[in-house]
Each structure stands twice: as structure tokens, then as C-alpha cells.
1. In the range 206-238, what residues are more than 16 Å from residue 327 (Cα to Cα) and in contact with a Lys or Arg (Cβ under 6 Å, 6 or more places away or on another chain)?
2. Filter the range 43-91 down to residues that are surrounded by 14 or more Cβ atoms within 10 Å (Cβ to Cβ) and of a type in the set (Gly, Ala, Ser) and give me whichever is modelled with the highest pLDDT.
3. Run down 202, 248, 209 and say which single residue is modelled with pLDDT of 90 or more and surrounded by 19 or more Cβ atoms within 10 Å (Cβ to Cβ).
4. Tell me, which residue of the range 290-314 that is polar (S, T, N, Q) and within 15 Å of residue 263 (Cβ to Cβ) is surrounded by the fewest Cβ atoms within 10 Å (Cβ to Cβ)?
5. Any idea how many residues of the range 135-163 are in contact with a Leu (Cβ under 9 Å, 6 or more places away or on another chain), assigned to a loop (DSSP other than H, G, I, E, B) and charged (D, E, K, R)?
6. Tell me which of these residue 191 doesn't satisfy, since it passes every other one: (1) under 12 Å from residue 60 (Cα atoms); (2) crowded, with 20+ Cβ neighbours inside 10 Å; (3) not charged (D, E, K, R).
7. Determine the pairs where a residue that is on the phi > 0 side of the Ramachandran plot, located within the range 135-157, has a partner that is in a loop (DSSP other than H, G, I, E, B) and of a type outside the set (S, T, N, Q) with Cβ atoms under 9 Å apart, the partner being 6 or more residues away or on another chain.
Amino acid sequence: MSRRITETFDPADFLIFSTQGSSQIASPPVPLLDFETVMNTSNGGTASLIVLSDFPGEVYGGFFFRHQGAAGNVYTTTTLITFKMDANLLGTIRVNTANTKLELLVNGVVQAVGTHNIQLNINYHVQFRYLIGLAGEFEARLDEDLDILTFSGDTRGAGTTYVNRFEFPSASSGNYIESLYINDTDGAENNGYDGVVRMKSFVPTADGFWADWLLSTGAQGFALIDETPNDGDSTYVYSNVNGDKSSFVCPGHGLLAPSEIMAVSARWVVRKVSNGRLRPFFRINGVDYPIAAASVPIGVGYGVVLDRRTANPDTSLPWELGDTIDSFGLESVL
């Protein structure tokens, strides 16, 4: 009846506080639950994959990318992102080797070519929209309006009705991806283009108000869950008591106007030793604000629990730059 947290990592113009403190999970990128997903990482040695748990027919998103290379190197044809329904390929955004232009492909066929030359070692921002259907739409925007590519027509593959998988190449391709967001069109918020989004990542720097969970070593819980990537079961905090709470403090975001905070998320990397569930919460102005559900299940192997808030639970209003969060926490539920 014990559960463990491993390390912490985070993405804020999207704020995300993430904890992975004690266990085992591959360092980011990792699939992050549900819709309106975010990822903040440079590509490692293997391909990256984001899988949505719902089945949207339309998605919006954006990310920064850079193609790394020495001065004078030529670009190789390189995929930035592929869109799939499960294993079925739908669309691709890539940079062409011959003309260094952005391209849109549907079912492997080039349907739109940009006009701007993509340079090596320069950070660019791409936003995208994919609407699956016979009268579908596929659009990419480079640095807002520097280049806009659009395809209108059949964006389906054989028997495809939704898009739920997004794949990125390995670092061997020379591409580095960060500050990814993906929105579906459900609900009233974050259901379209969010503009140029930069994520800020934080790890905890102090223990918070609650400190019930036990420590694998030492006297400070935050120091056991602040490593990225995580260190497996070398350092962690844990609990086997119903109702135990622990919380952790992150530094201020440091954002200045006209920045906007679109969401704040706590990302926990946890596992259970035997039985047990968790209930994440934000602590603001001395009050705990848990998720609406009574608890969330966790597996025997390390996985991610994401507590994402698009509004300040203390005010029920959109986040303001001056809002503060006392700490991010977890409650043990048996």
C-alpha cells in the first residue's frame, strides 16, 4: 500500500510543474495523458511520441524547432512531425533537402510548399491545424505569418476518422523540438491556435506546507524529486498511510507582460508498490485545491499523473501573472 514519486520536471506561458522524484521513467519526452497535451524537451537519441487518449477529428498545436548543423552544412530532407490515426499515417510536416522549404504531405504526397528558406541553427516556431475528412484542412504557420501553408481536400487515410498520434524523429535527424502543445476542439478553452507558446519548466526548491510522506534518505523531500532525468529508485518520497499529504514549492515564473499564462500543470512521475491511488492538489493562499475526482489510479511501473489547471482554482478565473501558488502536492488514497 505504498506509492512513490520520482523526479520533477516542468513546462508556462504554459506553466508546468512536473515531478518525477524517485522512480523510473524515461526522461522526457513522455506521453502526457489526455488532450491539450504539452511537452518541453530537446529530442534525445530516440524518436518521440505523443498519444492522445481521446479521438479528436481536429487538432491544433505548435512547437519550436531547430535543425542543428555546422555552418555551411546542407539541409537533409527531414521530418518535423507526423500525424497518425493509431499506426496509420495521415500527414507530415517536413523541411525539404533541395530547397530548404517547409512542406505539407498528406498520405506521403506533397500538397503544399512554403516560400521561406529554413536556415540551420535558427529557432523557428510552427503552428499547425489538422482537420481529418473528405473536405479536410491541413495548415502550418511558420513564425506566425512568415510563411503559411494550406491544403484543403481529403486528409484521410484508409478508414481513418481521427488523429491521435504525433511522432517526432530522433536527434540523429538533427532536429530539436521544444515547447510543444496540442489542443483538440472540446470545451471552451485551448481549443484552437494558442499562438507562439513558450513553456517554462521548474523543479521544486523547497518542501511545502505538507510533509507526511516518508523520505528514502536525508531530511528534505524536494531534494529527492528534483532530478531530470529521474534516478530510478535511488531517491524518492513514499507513503503507505491513507490521507498522507506532501507538497513542494517551485520558484516564481518570472514572466513579464504581455506574457499570458495559459495553464499551470503539476506533472508527477509515480508508481505503486502494492495497492493505492493518488489525489493531486494545488495549495494556494493556505487552501488545498484537489482535482475533482476522488482519486486517480497508478500502476506498478512508473507513469505520469498530470494535474493541469487552465484557471486559478482559488479565484475560478484565468491565471494572472501576479497569481502565486504556495505548493504542489499529492495525497495518498488507499
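1. Within the range 206-238, 236, 238 meet the criteria.
2. 91
3. On the way: 202 fails: modelled with pLDDT of 90 or more; 209 fails: surrounded by 19 or more Cβ atoms within 10 Å (Cβ to Cβ).
It is 248.
4. Looking only at the range 290-314, we keep the residues that are polar (S, T, N, Q), and these are 295, 310, 312.
From what is left, the residues that are within 15 Å of residue 263 (Cβ to Cβ) are 310, 312.
On the way: 310: 17, 312: 19.
Top of the filtered list is 310.
5. Residues meeting the conditions: 2.
6. (2)
7. Between residues of the range 135-157 that are on the phi > 0 side of the Ramachandran plot and residues that are in a loop (DSSP other than H, G, I, E, B) and of a type outside the set (S, T, N, Q), the close pairs are 143/116; 143/196; 144/195; 144/196; 153/134; 153/135.
So that you can scan it fast, the table gives a plain yes or no per residue for (1) modelled with pLDDT of 90 or more; (2) surrounded by 13 or more Cβ atoms within 10 Å (Cβ to Cβ); (3) under 18 Å from the mean Cα position of the chain (by Cα):
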residue	(1), (2), (3)
252	no, no, no
262	no, yes, yes
267	no, yes, yes
279	yes, yes, no
284	yes, yes, no
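The values are calculated or read from the model by the stated rules, or taken from the named source; none is laboratory data. Treat the numbers as computed from the prediction; the structure is a model and nothing was measured. Neighbour counts run over all protein chains shown; Cβ positions are idealised from the backbone, glycine included.
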